[in-house]
Amino acid sequence: MSRRPPAYADLVPSLVTDTATLAALCERLRQEPFVTVDTEFMRERTYWPELCVVQLGGEDEVAVVDALAPGLDLGPLGALLADDQVVKVFHAARQDVEIFLLKFGAVPTPLYDTQIAAMVAGFGDQVSYDALARALAGAQIDKAHRFSDWTARPLSPAQIAYAAADVTHLRRIYTGLTARLEREGRTAWVAEEMAALADPATYMPDPETQWERLRPRSHNRRFLGMLRAACAWREREAQRVNIPRGRLVKDETLLEIAATAPATPAELGRARGISEGFAKGKTGAALLAVLAEARDLPEDALPEAPRERNGPPASPALVSLLKVLLSAQSEAHHVAPKLLANAEELERLAAGEADLPCLHGWRREVFGESALALKDGRVALGVDGKKVKLIPAG
């Protein structure tokens with residue numbers, strides 16, 4: 001039972017700048033069933049996010065932790081995030097979770113993302129925090145400080161109030177969503193989505209697979225080998241010097257380097273975006289070294305060209321029908337379309353592929369079974385008033 005009715009909007013945030021105060025706060029929060037969490041960080045000029053502020057919301061208190069305060073030990077926060085008796089509630093959690101994984105070596109557990117839960121509850125694709133605050137907490141969020149310099153000190157009262165609002169209203173959003181999803185029998189659906197969010201591999205990109213992000217339009221395995229080596233080098237070097245990968249070398253420059261396979265500083269310097277200093281310096285020498293290794297790889301050690309789909313291409317008409325069905329099932333079940341299937345999945349489904357996310361778990365129940373029935377001609381699409389519905393085929 002609550003100690004008092006939570007007047008969320010009236011909570012005055014405290015600013016935490018020392019370890020003893022943080023430890024006492026976290027110990028109190030560890031007695032609660034859930035705590036709301038958010039962060040403010042800077043990443044524009046770095047590869048790794050720089051944690052500046054951590055916001056924590058409890059039943060009777062909201063705290064803004066100055067993560068840059070001199071001498072502050074965040075260890076008590078790590079213990080709170082690792083306590084499996086306390087649910088950690090985030091909104092759009094991926095970047096926050098990545099920060100904590102880097103800081104503490106583990107994903108907060110158990111965790112709950114209200115953006116994902118809201119998609120399951122029918123609030124649309126990637127619904128914003130302020131939209132949920134209006135819908136479920138009756139609150140209006142002032143986003144004027146969204147682009148603040150969170151590294152500047154001291155934090156202003158306006159910044160502290162803005163940061164606190166991101167966890168204050170999150171409590172009512174969480175309780176509203178969980179009650180709604182429990183009534184609708186969708187708690188297991190959300191748990192399935194949270195499992196992927198809790199996997200540390202989600203946040204740790206493999207340098208050896210970064211070349212795939214560039215979607216090269218080539219079946220030349222030697223070119224792909226050069227691209228893989230160049231992309232893996234860039235990822236590791238960007239991490240080492242802590243700058244964004246695109247600021248080190250742009251994607252289009254890497255594609256050109258993989259195609260021209262430079263072997264000397266002069267050849268490397270001819271690539272667009274590569275300065276003479278880069279090409280002739282230690283950084284250029286390191287890149288040329290990995291390119292030389294890739295050039296000498298045997299054929300069987302090179303990456304495979306992207307596989308083309310077997311059989312004839314998907315019928316555009318069938319893809320269009322599946323899109324209509326997706327919208328109809330999304331509307332009927334009050335769940336975001338993007339959570340059920342994306343455009344690529346629909347094309348692969350129309351082409352006959354069977355191992356797709358939309359054909360597993362709760363997605364199969366909501367959309368996959370109907371999609372297969374439509375493909376097989378067992379059902380058709382019709383209109384009932386203003387809504388599209390499935391009709392058993394004659």
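The values are calculated or read from the model by the stated rules, or taken from the named source; none is laboratory data. Since we're looking at a predicted model, the values are computed, not measured. Neighbour counts are summed over all protein chains in view; Cβ atoms, including those assigned to glycine, are modelled from backbone coordinates with ideal geometry. SASA here: full protein model, heavy atoms, side chains in, ligands and nucleic acids out. Shrake-Rupley method; radii C 1.70, N 1.55, O 1.52, S 1.80 Å.
Have a look at the DSSP beta bridges in the chain and tell me what percent are antiparallel, nearest 5.
Working: 18 of 27 bridges.
If we restrict to bridges inside the chain, about 65 percent are antiparallel.
Within segment 100-141, list the residues whose amide N lies under 19 Å from a label point set 7 Å along Cα→Cβ of Met204. Under 19 Å, as judged by backbone N against the label point of Met204, lie 100-111 of segment 100-141.
Taking 23 Å as the straight-line reach from the Cα of Lys103, the lysines in range (excluding those fewer than 8 positions away in the same chain) are Lys88. The trypsin sites (Lys or Arg not before Pro) of segment 49-149 that DSSP puts in a loop, and whose beta carbon has at most 16 other beta carbons within 10 Å, are Lys143, Arg146.
Expressed as a whole percent, the accessible area of the chain that falls on carbon and sulfur atoms is 52 (1.4 Å probe). In the chain, if the dipole is taken from +1 on Lys/Arg beta carbons and -1 on Asp/Glu beta carbons about the Cα centre, which of Pro316, Ala393, Thr283 is farthest to the positive end? So the residue furthest toward the plus end is Pro316.
Each label point was placed 7 Å from the Cα along the Cα-to-Cβ direction; for Glu331 and Ala286 their separation is 5.5 nm.
Give me the base-10 log of I(q)/I(0) for segment 207-296 at each q in 0.14, 0.18, 0.22 Å⁻¹, Debye formula, one uniform scatterer per Cα, rounded to two decimals. Those come out to -0.41, -0.70, -1.09, one per q. Net charge of the neighbourhood of Trp150, taken over other residues with C-beta under 9 Å away and scored Lys/Arg +1, Asp/Glu -1, is -3. Solvent exposure of the chain amounts to 51 Å² per residue of accessible area, where only protein heavy atoms count and the probe is 1.4 Å. Normalising the average separation of contacting C-alpha pairs (under 8 angstrom, six or more residues apart) by the number of residues puts the relative contact order of the chain at 14 percent. Here segment 14-202 is treated as an ellipsoid with the same Cα gyration tensor; its semi-axes, largest first and in whole Å, are 25, 19, 17.
Using Cβ point charges alone (K and R +1, D and E -1), the dipole size of segment 122-258 about the Cα centre works out to roughly 280 debye. Compared with the direct C-alpha span, the chain from Glu212 to Arg240 gains 7.9 nm at full extension, assuming 0.36 nm per residue. Ordering Val383, Ala351, Leu340 by Cα displacement along the dipole of segment 316-392 toward the positive end leaves Val383 in first place; charges were set at the Cβ atoms of Lys, Arg (+1) and Asp, Glu (-1).
So, with +1 on the Cβ of K and R and -1 on the Cβ of D and E, and no other charges, what is the size of the charge dipole of segment 257-385 about its Cα centre, to the nearest 20 debye?
400 debye
For the chain, complete DSSP H runs whose alpha carbons reach 18 Å or more along their own long axis and whose mean Kyte-Doolittle score is 0.0 or higher are 282-295, 316-333. Label-to-label distance for Asp376 and Thr175 is 4.7 nm, based on points extended 7 Å past Cα in the beta-carbon direction.
Only protein heavy atoms count here; on that basis, with a 1.4 Å probe, Trp48 has an accessible area of about 80 Å². Placing +1 on each Lys and Arg Cβ and -1 on each Asp and Glu Cβ, with no other charges, gives the chain a dipole about its Cα centre of roughly 920 debye.
Shown for the chain is the translational diffusion coefficient from the Stokes-Einstein equation, using the Kirkwood radius over Cα pairs, a temperature of 20 °C and a viscosity of 1.002 mPa s: 88 µm²/s.
Which one, Ser330, Leu297, Ala191, is farthest towards the positive end of the dipole of the chain when Lys and Arg carry +1 and Asp and Glu -1 on their Cβ? Selected residue: Ser330.
For segment 316-392, the Kirkwood estimate of the hydrodynamic radius, built from every pair of different alpha carbons, is 12.3 Å.
Sites listed here are trypsin sites (Lys or Arg not before Pro) in segment 161-224 whose DSSP assignment is loop and whose Cβ has at most 16 other Cβ atoms within 10 Å: Arg217. The alpha-carbon of Lys323 sits under 29 angstrom from the alpha-carbons of these lysines, leaving out residues fewer than 8 places away in its chain: Lys338, Lys375, Lys386, Lys387, Lys389.
The lysines within cross-link reach of Lys282, meaning a Cα-to-Cα straight distance under 21 Å and a gap of 8 or more places when in the same chain, are Lys250.
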